[in-house]
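*Asks:* Take this structure, written in structure tokens, and hold onto it; I'll ask about it next.
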Amino acid sequence: MLNWESIFATRSSRMKASEIRELLKLLDRPDIISFAGGIPDPELFPDAEFKAAYAEVFGGPAVSAALQYSVSEGYRPLREWLAGQMRGLGIPAAADNIFITSGSQQALDYLGKLFLSPKDTALVTWPTYLGALQAFNAYEPVYDQLNPAGNRTPEAYVQAAAEAGGRVKFAYLSADFANPTGETVDRAGRQRVLALAEELDVAVIEDAAYQALRYDGEAIPPVLALEIARKGDINMARTIYCGSFSKTLAPGLRVGWVCAADRVIRKLVLLKQAADLHSSTINQMAICTVAERGFDAQVAKIHRVYGHRRNAMLAALEKYMPADVRWTKPEGGMFVWVTLPKGTDGAALLAKSIETAKVAFVPGRAFFADGSGENTLRLSFSCANDEMIDEGIRRLGALIRGEMAEAA
């Protein structure tokens with residue numbers, strides 16, 4: 001029998017199963033109240049609009065193009081619509097600055113492949129999006145901590161990267177309602193990240209998967225918009241904006257995009273030609289039709305529902321959590337980040353919670369590149385109604401209170 005492990009590439013040793021993907025299996029258990037999966041509520045999908053869009057494609061002359069091979073850059077009408085959306089965010093982009101991907105997760109994989117050689121350093125926040133770590137891990141990087149509020153010098157980053165055997169290649173961050181914390185980087189923090197990237201002469205990868213999900217507070221321009229305001233031209237910018245329709249229209253169609261300088265787009269096109277040729281044309285056509293006819297209305301509907309659920313979760317946490325527990329108060333997105341007293345093990349708490357309280361969440365350690373964060377956890381409110389939120393947080397608060405009493 002072949003010893004498969006002996007012939008796998010060394011990079012495969014860094015490929016780990018997603019704790020979140022495993023926890024999603026709990027959604028099928030009716031006895032579990034799940035705050036684990038950071039997924040959209042399917043009740044909010046614009047299914048009727050998609051049915052009509054696909055029917056139009058199959059009922060008209062566009063069906064031949066929809067079922068045929070297509071260009072790697074993506075469906076041009078969709079790219080033109082997205083360029084208009086980018087301009088509305090203060091990013092003067094043309095269609096040629098837009099590249100369609102099979103979800104924003106594919107964009108992260110491509111960017112890791114494009115920039116990272118083994119032992120190069122990727123700057124990421126502590127904690128950061130687990131999917132980004134999974135995407136980058138295959139390219140065998142070293143991670144260093146990016147702190148938008150910090151004052152670490154560029155020289156310190158350069159020295160640490162050199163000692164690790166490579167150089168810094170990019171800074172990755174989710175500036176709006178980050179997964180997992182729900183926090184937003186303020187304007188000053190975004191400017192500091194840009195200044196650091198300028199000093200290091202590296203790229204900035206801006207993961208904007210949740211950017212459209214703001215429920216209150218004042219919108220802050222994307223990092224790419226702030227950079228273009230200084231430089232005047234997207235093709236002079238080092239920031240690479242990654243967007244997605246997964247949180248607004250439908251994740252199952254797997255349509256995301258990159259907005260960046262044309263030199264970056266041309267390289268990404270080459271990667272896609274080698275990987276999967278192009279993203280599903282018919283799905284891009286359907287997304288384009290639905291977006292053109294009702295994107296703003298769909299987003300407004302999501303805001304009403306998710307904003308209400310966020311408020312319900314924050315109220316329940318205030319009502320049921322012990323005094324020593326802290327949590328974020330996000331202005332948008334899908335997540336609340338909870339910090340427990342030091343010494344608490346989130347993974348052990350989850351095991352007990354599933355067994356006794358019948359509540360699921362994601363332990364925070366998976367989101368830290370250095371394996372820290374044992375006393376943290378992520379809660380998602382996107383798929384839970386008021387009753388589930390109140391009862392689930394009540395049970396979780398009681399369990400945490402009991403654990404703290406035992407440790408005292």
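*Asks:* If you scan the stretch 15-39, which residues turn out to be among the charged types (D, E, K, R), surrounded by 12 or more Cβ atoms within 10 Å (Cβ to Cβ) and at pLDDT 75 or above?
*Replies:* ARG29 - this is the single residue of the stretch 15-39 that is among the charged types (D, E, K, R), surrounded by 12 or more Cβ atoms within 10 Å (Cβ to Cβ) and at pLDDT 75 or above.
*Asks:* Okay, moving on. Return only the number of the condition from (1) touching a helix residue (DSSP H, G or I) at 6+ places or on another chain (Cβ under 6 Å); (2) open to solvent by 40 Å² or more (accessible area, probe 1.4 Å) that ALA171 does not satisfy.
*Replies:* (2)
*Asks:* For the stretch 47-133, which fully contained helices (runs of 4 or more DSSP H) count at least 1 residues that are touching a strand residue (DSSP E or B) at 6+ places or on another chain (Cβ under 9 Å) and among the hydrophobic types (A, V, I, L, M, F, W, C)? Don't jump to the end; show me each part of the working.
*Replies:* Numbers: elements: 47-58, 63-66, 76-88, 103-115.
Here the list reads 76-88, 103-115.
*Asks:* If you don't mind, there's one more thing I want to ask. Which condition does GLY189 not pass, out of (1) in contact with a Gly (Cβ under 7 Å, 6 or more places away or on another chain); (2) outside any loop (DSSP other than H, G, I, E, B); (3) of a type outside the set (Asp, Glu), if it passes all the others?
*Replies:* Unmet for GLY189, out of (1) in contact with a Gly (Cβ under 7 Å, 6 or more places away or on another chain); (2) outside any loop (DSSP other than H, G, I, E, B); (3) of a type outside the set (Asp, Glu): (1).
*Asks:* Out of the residues in the stretch 92-146 that are of a type in the set (Phe, Trp, Tyr) and under 14 Å from the mean Cα position of the chain (by Cα), which is most open to solvent (accessible area, probe 1.4 Å)? Don't jump to the end; show me each part of the working.
*Replies:* First pass over the stretch 92-146, keeping only residues of a type in the set (Phe, Trp, Tyr): 99, 110, 115, 126, 129, 136, 139, 143.
Then keep just the ones that are under 14 Å from the mean Cα position of the chain (by Cα); that gives 129, 136.
Values: TYR129: 61, PHE136: 0 Å².
The selected residue is TYR129.
*Asks:* Need pairs with beta-carbon distance below 8 Å; first residue under 28 Å from VAL299 (Cβ atoms) and among the charged types (D, E, K, R) and within the stretch 46-69, second open to solvent by 60 Å² or more (accessible area, probe 1.4 Å) and at pLDDT 95 or above; sequence gap 6+ or separate chains.
*Replies:* Cβ pairs passing all conditions: GLU49/ARG293.
*Asks:* Return the pairs, sorted by first residue and then second, in which the second residue is of a type in the set (Ser, Thr, Tyr), the first residue lies in the stretch 155-175 and is in a strand (DSSP E or B), the beta carbons are less than 6 Å apart, and the residues are 6+ apart or on different chains.
*Replies:* That search, which allows pairs on different chains as well, returns VAL168/THR121; VAL168/TYR157; LEU173/THR125.
*Asks:* Based on what the data block shows, is VAL305 closer than 30 Å to GLU49 by Cα, β-branched (Val, Ile, Thr) and either touching a helix residue (DSSP H, G or I) at 6+ places or on another chain (Cβ under 9 Å) or at pLDDT below 95 (or both)?
*Replies:* On the way: closer than 30 Å to GLU49 by Cα: yes; β-branched (Val, Ile, Thr): yes; either touching a helix residue (DSSP H, G or I) at 6+ places or on another chain (Cβ under 9 Å) or at pLDDT below 95 (or both): yes.
Judged against the criteria, VAL305 is a match.
*Asks:* So, one more: Condition first: over 26 Å from the mean Cα position of the chain (by Cα) and of a type in the set (Val, Ile, Thr). Now tell me which residues in the stretch 147-173 satisfy that.
*Replies:* Selection gives THR153, VAL158.
*Asks:* Given the structure, is ALA398 over 30 Å from ASN137 (Cβ atoms) and free of Cβ contacts under 8 Å to residues at least 60 places away in the same chain? Even if it seems obvious, please write down each step before you answer.
*Replies:* Numbers: over 30 Å from ASN137 (Cβ atoms): yes; free of Cβ contacts under 8 Å to residues at least 60 places away in the same chain: no.
Judged against the criteria, ALA398 is not a match.
*Asks:* Tell me, which residue of the stretch 278-318 that is among the acidic types (Asp, Glu) and more than 17 Å from LYS329 (Cα to Cα) is nearest to the chain's Cα centre (by Cα)? Steps first, please.
*Replies:* Of the stretch 278-318, the ones among the acidic types (Asp, Glu) are 292, 296, 318.
From what is left, the residues that are more than 17 Å from LYS329 (Cα to Cα) are 292, 296.
Numbers: GLU292: 24, ASP296: 21 Å.
The residue in question is ASP296.
*Asks:* Shifting gears a bit: Which residue pairs have Cβ atoms closer than 7 Å, lie 6 or more positions apart in sequence or on different chains, and pair a first residue in the stretch 344-373 that is more than 23 Å from GLY182 (Cα to Cα) with a second residue that is crowded, with 21+ Cβ neighbours inside 10 Å?
*Replies:* Pairs that qualify, where the first residue is more than 23 Å from GLY182 (Cα to Cα) and the partner is crowded, with 21+ Cβ neighbours inside 10 Å, are ILE354/ALA360; ALA357/LEU396; LYS358/ILE33.
*Asks:* In addition: Tell me which residues, restricted to the stretch 243-260, are closer than 16 Å to ASP207 by Cα and more than 16 Å from the chain's Cα centre (by Cα).
*Replies:* Within the stretch 243-260, just ALA260 meets the criteria.
*Asks:* Would you be able to tell me the number of residues in the stretch 67-82 that are among the aliphatic types (A, V, I, L, M) and surrounded by 20 or more Cβ atoms within 10 Å (Cβ to Cβ)?
*Replies:* At the first step, the residues of the stretch 67-82 found to be among the aliphatic types (A, V, I, L, M) are 67, 71, 78, 82.
Next, only the ones that are surrounded by 20 or more Cβ atoms within 10 Å (Cβ to Cβ) stay: 78, 82.
The number of residues fulfilling the criteria is 2.
*Asks:* I need the full set of residues from the stretch 389-408 which are surrounded by fewer than 19 Cβ atoms within 10 Å (Cβ to Cβ) and in contact with a strand residue (DSSP E or B) (Cβ under 7 Å, 6 or more places away or on another chain), in order please.
*Replies:* GLU391, ARG395
*Asks:* Just wondering, is there one or more residues in the stretch 223-240 that are under 15 Å from PHE335 (Cβ atoms) and in contact with a helix residue (DSSP H, G or I) (Cβ under 8 Å, 6 or more places away or on another chain)? So that I can check it myself, show each step before the final result.
*Replies:* Here is the first cut: in the stretch 223-240, the residues under 15 Å from PHE335 (Cβ atoms) are none.
No, the stretch 223-240 contains no residue that is under 15 Å from PHE335 (Cβ atoms) and in contact with a helix residue (DSSP H, G or I) (Cβ under 8 Å, 6 or more places away or on another chain).
*Asks:* Moving on to the next point. Go through (1) surrounded by 11 or more Cβ atoms within 10 Å (Cβ to Cβ); (2) under 30 Å from PHE335 (Cβ atoms); (3) of a type outside the set (Lys, Arg); (4) modelled with pLDDT under 95 one by one and return the number of the condition ALA62 breaks.
*Replies:* Evaluating ALA62 over (1) surrounded by 11 or more Cβ atoms within 10 Å (Cβ to Cβ); (2) under 30 Å from PHE335 (Cβ atoms); (3) of a type outside the set (Lys, Arg); (4) modelled with pLDDT under 95 leaves (2) as the failure.
*Asks:* Would the stretch 365-382 turn up any residue that is open to solvent by less than 60 Å² (accessible area, probe 1.4 Å), in a helix (DSSP H, G or I) and within 30 Å of ILE220 (Cα to Cα)?
*Replies:* Going through the stretch 365-382, the residues open to solvent by less than 60 Å² (accessible area, probe 1.4 Å) turn out to be 366-369, 371-373, 375-382.
So of that shortlist, the ones also in a helix (DSSP H, G or I) come out as 366-367.
So of that shortlist, the ones also within 30 Å of ILE220 (Cα to Cα) come out as 366-367.
So far as the stretch 365-382 goes, yes, one or more of its residues are open to solvent by less than 60 Å² (accessible area, probe 1.4 Å), in a helix (DSSP H, G or I) and within 30 Å of ILE220 (Cα to Cα).
The values are calculated or read from the model by the stated rules, or taken from the named source; none is laboratory data. Just so you know, these numbers come straight off a predicted model, no measurement behind them. Note that each Cβ is placed from the backbone with ideal geometry, even for glycine, and that neighbours are counted across all protein chains shown. Just so you know, the surface numbers come from the protein's heavy atoms only, side chains and all, with ligands and any DNA or RNA stripped out. Shrake-Rupley method; radii C 1.70, N 1.55, O 1.52, S 1.80 Å.
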